[in-house]
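Heads up: the structure comes next, in structure tokens.
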Amino acid sequence: MSVMLELKNISRSFGGVFANKDISLRVEEGTVYSLLGENGAGKSTLMNVLYGLLDPDSGEIFIDGQKVEIRSPKDAISHGIGMVHQHFMLVNALSVVENIILAMDDTKGIFIDKDKMSKRIREISKLYGFNIDPDEIVGEMSVGQQQRVEIVKAIYHDCRLLILDEPTAVLTPQETEELYVIIDQLRSEKKSVIFISHKLHEVMHVSNMIGVLRNGEMVASIKKEDTNEAELAAYMVGKKVNFTVEKDEMKAGDTVLEVSDLMVKSHKGNMAVNGLSLKVRAGEIYGVAGVDGNGQTEFVEAITGLCRAEGGTIRILGKDMINHEPGEVLSLGVSHIPEDRQKMAILMKNSLMENMVMYDYKKPEYKKGPFIDWKKEAAHAQDIITKYNIKAPGLYTNIEFLSGGNQQKAVVARELEKSPKLLLAVDPTRGVDIGAIEFIHKEIVKARTAGCAVLLVSSELDEIFALSDTIGVIYEGQIIGEMDRKDATIEKVGLYMAGMQDKESAEMGA
Amino acid sequence: MKVQKVVKPLLSIVLALAVGALVIALVGENPLEIYKAMLTGAFGSKGATATTLVKTTTMIFVGLSYGFAYKGGLVNIGIEGQLYMGGLLCSLVAIYIKLPSAIHIPLCLLAGFVGGAVWGGIVGILKVKFKASEMITTVMMNYIAIYIVEYMVNGPIKEPKGTFPQSEKIQVTAQLPNLLPKTTLTIGIILALIAAVIYIIYWKYTSTGFEIKMLGASRDVARYAGIRVNKMVMISMLVSGGLGGLAGCMEVMGVQHKIMEGLTAGYGFDGIAVSLLGGNSGIGILFSSILFGALRVGGNAIQMFTSLPIAVIYILQALVILFVVVDVFKSERRKKA
Amino acid sequence: MSFIRAVLESSTSILFASFGVLIMQLAGVLNIGAEGMMLVGAFFGVLGSSLTGNAFIGTLFAIAAAGITGVLFGYCTVIKKANQVVVGIAFNILASGLTTTLYRHIFGMKSDSTKVVGYTDLGPFSLPVYLGIALIFVLSVLLYKTKYGLKIRGVGEYPMALDSFGLSVDRIRFLSIIFGSMLIGVGGAYLSLGQLSFFTEDMVTGRGYIALAAVIFGRYSPVGTFLAVLVFGTGEALVYRLQAIGSGVPTQMILMIPYLLTVIVVAFFGQKGEGPAALGVPFFKNAKE
């Protein structure tokens, strides 16, 4: 088999820090090359270089043995490289064919010729078993369908190598299975695929070759047959991964959070949360496992009052708290670590100090008469920073200059310092380095030991398994399987995540 | 950083004057002569400086008004209308009620504040309840306010004798006491300074100030932190409107001693320039107000003594705004780096 | 019939301006400065017309001047990525100052005595009225059936996608600003040459903002915008009618109608959710990940 793509010694840095250091790899025609690595390992940077969105500092790209210069996506496309980004490059308000017309950027003529393109779209669609209507508005399609439009777009350009960037992050388990079929079809068409992921079992399922990136360097490049998940994990992290956290037996108290038959609409209008019920007690960590997009976001936002609930009940500390103002919910002793800290939890252009004291300004102990006592606030902020070992240039530097890990630590610190009775933690270690992950996990366990009720929502099963006392699996807006951590196995949970809840699966895990 | 805060505005002024000079030359006048005439008109004598300070008084209030809304993330282009409505309510109290000065003056100020606040509050309600963009509604409210005042001074409150569209003179007890004899400078400037000080303290030391600033920085984060966003929007528009109303009071009680058509000559829009140039901070607004007050007075001077209309200062004003918000020297093209 | 004529006359200037605003908004550029651009068009239209005695050439002057204004606006908002609202307001103030200064300089101290040559009539209406209505169809075709239209709509919704296709977001926006500002200029020219037959300082009196409201009210479509403009045009024609009749209603209350109408329209129909998703947000090429 011929080598379709070769990258030689690709390096790229940002502000003195290497995102890619001397990376080389080879992809053979008709094979799947998986690029594995944690968040921040350099996968996206490498792909952006390949796709012409970034210039490398050094290194070369060879297609079919010929050296090429790729300076823009147009160049990449002309060499047969297509890319499906994590955030789809599709205009939601336009139809499929309109999107593809834009992507073709064919400057001949003034008027658009939908018929010719629609025909070809239907042809490609049929070949791969998609069911795409060229005139359908992209925004009204399911995420899985949208991804297929992206694939059609790439194939329309006669791509020979398709880069899939974290494609399963937004898919349901069925859609993921369907994606595997599509990849097989691409293989049989002699097309190559670069599959970017940080999910070990997927990579083991789908690859021919696996390359592992860690801290910007290629630390391993092996055939799938020659390795296993544990080995890959070790490569990714650099040491034997400790999937458990030290914690005592659970001493559960009264019910702090009680949710019954909760119904919440998503932005698109469908019922994202569709009759969800669960209970979290004081001193308990309840881990909600599930693929992104099964209603987790809407669920947590409904609890915090940030979005409207259409039905059901939410009780916090016995009080009926559905559809109340966020301020009221917080005042009951609720802390929230949201999934997107930059959007929701911190003000990037404000100082670290101001971000730390976001809740204190009303408390009488920080006031001097009617005015805020900034000296006391600063001292308090300094205490927190020291206690939680947050690395920052200074108390008054803007928080945007802290690393992602330290920003997250700051959020966690702030939320835990409130000594909450209920902690809502959503993907609390997303985009955070290993050292900070261990730290944050320890702090969450500390809070739980002190009697806090913790609702942990995470798309990382490892995290769920490491921290939870009770595990509930969310699927299509409901908790379809709930079990003690003692009784949980990856297979059992995985089946629930895939939507299966028959007797067999229950017996299997017992 | 601190140095940049001063250099940037100064640079904007210099650039504006430079481009303005080109325009002035284009219409056949000597820019240096014109600028000299403006400077003399504004500061050339004790009387001139006093007049400049009088205008500065109004500028401070409209500048604070824009700045206050801006901190909360709102764009209040309706200061003109708030000024008129504040001036109207103020003049009603000032003309038709008889009270001793010590009570009358504060009452008139309160009326002016309320007038402007209500006008701004309407915009706030429309935004909170209907998500109506405050940019369009404020401008429309300007025209409506101008027409309301026009109607009033041509009808119900028109001065009994005389033909001009204006009201009767306000009671002596409502007039702002003079500060400097033989000039038009009143204690208004003191009131403006007090307002600026309160503004500075408010943002630095009060909890609602902190909350409004958070809202202005990010609506999502403000909601997440439990801040009552709608309440903050209303406070912003009410206070911002009220400050605009007080500007109206300054004109009615300190300068004109009555209300009439054309109470302002676009002072509401001056407020935008004042606040932007001053970086929306109290100190910045104070300095910026002096500049724009001088610009107004200087502009009047050239209108009287040269062939140029006062509209020239609008050109300068607009150029200042543009040079403040448009970074002429920094390349905005993010390179692939 | 004469009332219909009055409505169309009042609507035409706003219609051209609205279409100009529509193109810009669809491309994602918020244009509060339409008021100033109309004023520029109005002044230069009169200038050209009085110099040559021909309204058509006057309109060309207006188009050129407004186009140049558009280039400057595009420079500030698209290339320099400054806040579109503040820039728009600055342009309004600038236009007011410039046109007044130039007017006094060129035409002297008389404020509205310049008699201008108007447009030729075709049947009951003047030529631009027909052009305005024709524009509804031309723009619809442009926006929905041509590549340019597709690019404009794409850039206003999700510019990052178009950027990834290799298209230049800035260029598309810049071009639509120039095209749009020229249309706005025509609107201004019609106001001074066609509807009113003179130039006076600050004569646009809010029509530029009403044009913006019309686009929102019309749900960002050419046909919708036209109907919305008719509503405002009717309001304005009503004003003249009521004044002429000498009804008991005070003048100022009548004059208020268009503005009050706009407030109500924006309040009940101004939901921001209807517009292009990327409206008002400058586009930065993100080159890091």
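Take the Cα of B:Lys161, step 7 Å toward its Cβ, do the same at B:Lys182, and the gap between the two points is 3.1 nm. Among beta bridges identified by DSSP and lying wholly in the protein assembly as shown, the antiparallel ones come to about 60 percent. DSSP assigns beta bridges within chain A; of those with both partners inside it, close to 55 percent run antiparallel.
Among B:Arg223, A:Arg281, the order by Cβ neighbours within 10 angstrom, fewest to most, reads A:Arg281, B:Arg223.
Springs between Cα atoms under 10 Å define the GNM used for chain C, and in it the highest mean-square fluctuation of C:Ala82, C:Ala214, C:Ala161 occurs at C:Ala161. This model, with +1 at the C-beta of Lys and Arg and -1 at the C-beta of Asp and Glu, gives chain A a dipole about its Cα centre of some 1240 debye. Considering only C:Ser13, C:Ile210, C:Ser192, and ranking their Cα positions along the charge dipole of the protein assembly as shown that arises from unit charges at the beta-carbon of Lys, Arg, Asp and Glu, the one farthest toward the positive end is C:Ser192. Counts of other chain beta carbons within 10 angstrom of each beta carbon in peptide A:324-333 average 3. Net charge of the neighbourhood of C:Gly206, taken over other residues with C-beta under 14 Å away and scored Lys/Arg +1, Asp/Glu -1, is -3.
With the simple spin-label model, which puts each label point 7 Å out from Cα in the Cβ direction, the C:His105 to A:Lys349 separation comes to 3.7 nm. Label chain B by shape, choosing from rounded, prolate and oblate, from the square roots a ≥ b ≥ c of the eigenvalues of the Cα gyration tensor; if a/c is under 1.5 it is rounded, and otherwise prolate applies when a/b is larger than b/c, oblate when it is not. Note, shape of chain B comes out oblate.
Of C:Phe16, C:Phe232, C:Phe165, the residue with the greatest mean-square motion in the GNM of chain C, using alpha carbon springs below 10 Å, is C:Phe165.
Exposure proxy ranking for A:Ser266, A:Ser188, A:Ser458, C:Ser192, based on other Cβ atoms within 10 angstrom of each Cβ and starting from the fewest, stands as A:Ser188, A:Ser266, A:Ser458, C:Ser192. The residues packed around B:Ile146, meaning those with a beta-carbon under 9 Å from its beta-carbon, carry a net charge of -3 if Lys and Arg are +1 and Asp and Glu are -1.
Give the calculated FRET efficiency between C:Thr120 and A:Asn323 to the nearest 0.05, with a Förster radius of 45 Å applied to their Cβ-Cβ distance. Once the sixth-power term is evaluated, E becomes 0.10.
Taking 0.36 nm per residue of separation and subtracting the Cα-Cα distance, full extension of the segment from A:Glu482 to A:Ser188 would add 101.8 nm. Structure remark: mean-square fluctuation, Gaussian network model of chain B, C-alpha springs under 10 Å; the largest value among B:Ser307, B:Ser281, B:Ser289 belongs to B:Ser307. Can you tally the net charge around A:Glu310? Count Lys and Arg as +1, Asp and Glu as -1, for every other residue whose Cβ sits under 11 Å from the Cβ of A:Glu310. Neighbour charge sum, excluding A:Glu310 itself: 0. Once the chain from A:Lys74 to A:Asn215 is taken as fully extended at 0.36 nm per residue, the excess over their C-alpha distance is 47.8 nm. Pairs spanning more than 21 Å between alpha-carbon atoms, out of B:Lys5/B:Lys36; B:Lys46/B:Lys182; A:Lys418/A:Lys486; B:Lys46/B:Lys169: B:Lys5/B:Lys36; A:Lys418/A:Lys486; B:Lys46/B:Lys169. One chain, two ends: A:Arg122 and A:Asn270. Fully extended at 0.36 nm per residue, the span grows by 50.5 nm beyond their Cα-Cα distance. Projecting the Cα positions of C:Pro124, C:Ile254, C:Phe179 onto the charge dipole of chain C (unit charges on Cβ atoms of Lys, Arg, Asp and Glu, taken about the Cα centre) puts C:Phe179 furthest along the positive direction. Charged side chains reduced to their Cβ positions (Lys and Arg at +1, Asp and Glu at -1) give chain C a dipole of some 480 debye around its Cα centre. Modelled label positions at A:Ile490 and A:Asp226, each set 7 Å beyond Cα in the direction of Cβ, lie 2.2 nm from each other. Taking each of B:Lys129/B:Lys231; A:Lys376/A:Lys421; B:Lys55/B:Lys258; A:Lys368/A:Lys409 in turn, the alpha-carbon distance tops 20 angstrom for A:Lys376/A:Lys421; A:Lys368/A:Lys409. Among C:Leu279, C:Leu212, a tally of other beta-carbon atoms within 10 Å of each Cβ gives an order, fewest to most, of C:Leu279, C:Leu212. Can you bin segment C:12-202 into rounded, prolate or oblate? Criterion: square roots of the alpha carbon gyration tensor eigenvalues sorted a ≥ b ≥ c, rounded for a/c under 1.5, prolate for a/b above b/c, oblate for the rest. Oblate is the answer for segment C:12-202, as a/c is 1.5 or above yet b/c matches or exceeds a/b. Note on segment B:60-297: with charges restricted to the Cβ of Lys and Arg (+1) and Asp and Glu (-1), its dipole about the Cα centre is near 460 debye. Kindly list the residues of segment A:350-377 that lie in the label zone of B:Gln4, defined by a backbone N under 17 Å from the point 7 Å along the Cα-to-C-beta vector. Within reach of a label on B:Gln4: A:350-352. With a Cα cut-off of under 23 Å and a minimum spacing of 8 residues unless on different chains, the lysine pairs in chain C number 10.
Is the shape of the protein assembly as shown best called rounded, prolate or oblate, per the rule: a/c under 1.5 gives rounded, else a/b larger than b/c gives prolate, else oblate, with a ≥ b ≥ c the square roots of the Cα gyration tensor eigenvalues? Prolate. Here r is the Cβ-Cβ distance between A:Asp248 and A:Asp383 and R0 is 22 Å; the resulting FRET efficiency, rounded to 0.05, is 0.25.
Any read-out appearing in this document is the output of simple, stated calculations on the displayed coordinates, not a laboratory observation. Please read all numbers here as calculations on a predicted model, not as lab measurements. Neighbour counts are summed over all protein chains in view; Cβ atoms, including those assigned to glycine, are modelled from backbone coordinates with ideal geometry.
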